[in-house]
Amino acid sequence: MAEEKPSQNNSPDNYLSISTPTQGLYKDNGSRFVCFAYPCSDAAKAEELVKELRKKFYDATHHCYAYRIGPKGETWRANDDGEPSGTAGRPILGELLSKNLSDILVVVVRWFGGVKLGVPGLIRAYKAATQEALNAATTMIKTATIPLRITFSYPQTDKVLKELRKRGIEYSDKIFEQECSLTAHIPASTTEAFKEVLLKLEDVRIDTLKF
């Protein structure tokens with residue numbers, strides 16, 4: 001049984017995703033619709049997962065999918081893979097939107113059973129298969145952050161670390177020498193205010209990283 005949907009605590013930086021891959025199944029008039037849902041935060045990785053499923057289930061009729069990536073689902077795609085336009089990818093995407101999920105890929109693999117389902121039947125099938133997988137998923141809260149590399153002189157170490165601790169921000173890749181540096185992931189909505197505080201200190205430089 002899936003866990004209860006967690007609260008997002010009204011933080012502008014929090015959004016929902018799923019924690020582990022899940023599956024769902026729907027059958028209609030001999031056709032099988034097997035749904036695979038994956039946590040995924042990269043469009044290229046999503047496309048690679050689709051390719052892997054195409055290779056694994058080479059005998060399937062269609063491999064339809066949709067994904068949403070980013071805190072606001074700003075990167076997305078819906079693909080019908082040969083099904084009538086709007087009958088597969090869009091219904092899948094619609095379920096992601098209705099549950100407000102992002103950083104997620106859903107692929108529904110169909111084996112045709114010999115009976116055409118028509119447009120309403122296809123929409124119902126792809127929607128139902130997706131619902132089965134998402135209902136089985138454990139949702140999780142993710143936080144949109146900005147990765148910063150903070151460089152500072154050794155005498156400023158205590159002040160920099162104090163500001164991080166005050167906000168409950170963990171850091172990594174630390175170097176404490178004459179010139180010190182560390183990497184911290186700052187909640188997106190507070191990044192500019194955080195940078196403003198640190199840059200008031202002497203000998204502090206902040207660079208935004210790209211991953």
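Report the semi-axes of the equivalent ellipsoid for the range 77-211 in whole Å, largest first, where each axis is √(5λ) for an eigenvalue λ of the Cα gyration tensor.
Those come to 50, 13, 12 Å.
Rounded, prolate or oblate: pick one for the range 9-68, where a ≥ b ≥ c are the square roots of the eigenvalues of its C-alpha gyration tensor, a/c under 1.5 means rounded, and failing that, prolate if a/b is larger than b/c, else oblate.
It is oblate, given that a/c is not under 1.5 and a/b is not larger than b/c.
Kindly count the pairs of lysines across the range 21-142 whose alpha carbons are less than 17 Å apart, treating pairs on different chains or eight or more residues apart as eligible.
For the range 21-142, qualifying lysine pairs total 9.
What length, rounded to one decimal in nm, is gained on full extension from residue 54 through to residue 179, with 0.36 nm per residue of separation minus their alpha-carbon distance?
39.9 nm
Per the Cauchy relation, a quarter of the hull surface: what is the mean projected area of the convex hull of the alpha carbons in the range 1-132, in nm²?
With every direction weighted equally, the projected area is 8.1 nm².
What is the gain in length, in nm to one decimal, between residue 11 and residue 205 on full extension, counting 0.36 nm per residue of separation less the C-alpha to C-alpha distance?
Extending this stretch completely gives an extra 67.1 nm.
Any idea of the accessible area per residue across the chain, 1.4 Å probe, to the nearest Å²? Kindly include the intermediate steps, with their values, before the conclusion.
Details: 11710 Å² over 211 residues.
Ligands and nucleic acids excluded, the result is 55 Å² per residue.
Using only Cα atoms, find the angle between the long axis of helix 157-166 and the longest principal axis of the chain, and express it within 0 to 90 degrees, rounded to the nearest 10.
40
Report relative contact order for the chain in percent, whole number only (criteria: Cα-Cα under 8 Å, sequence separation at least 6).
Here the relative contact order equals 26 percent.
For residue 195, which lysines qualify as cross-link partners when the Cα separation must be under 19 Å and same-chain residues fewer than eight apart are set aside?
Within the straight-line cut-off, residue 195 pairs with 159, 162, 166, 174, 210.
Could you work out what % of the accessible surface of the chain is carbon and sulfur, using a 1.4 angstrom probe and leaving DNA, RNA and ligands out of the count? List each step's numbers first, then the result.
Numbers: 5750 of 11710 Å².
For the chain, the apolar C and S fraction of the accessible surface comes to 49 percent.
The values are calculated or read from the model by the stated rules, or taken from the named source; none is laboratory data. Everything numeric here is computed off the predicted structure, so don't read it as measured data. Ligands, DNA and RNA are stripped out before the accessible areas are found, and what is left, the full protein with its side chains, is counted by its heavy atoms. Shrake-Rupley method; radii C 1.70, N 1.55, O 1.52, S 1.80 Å.
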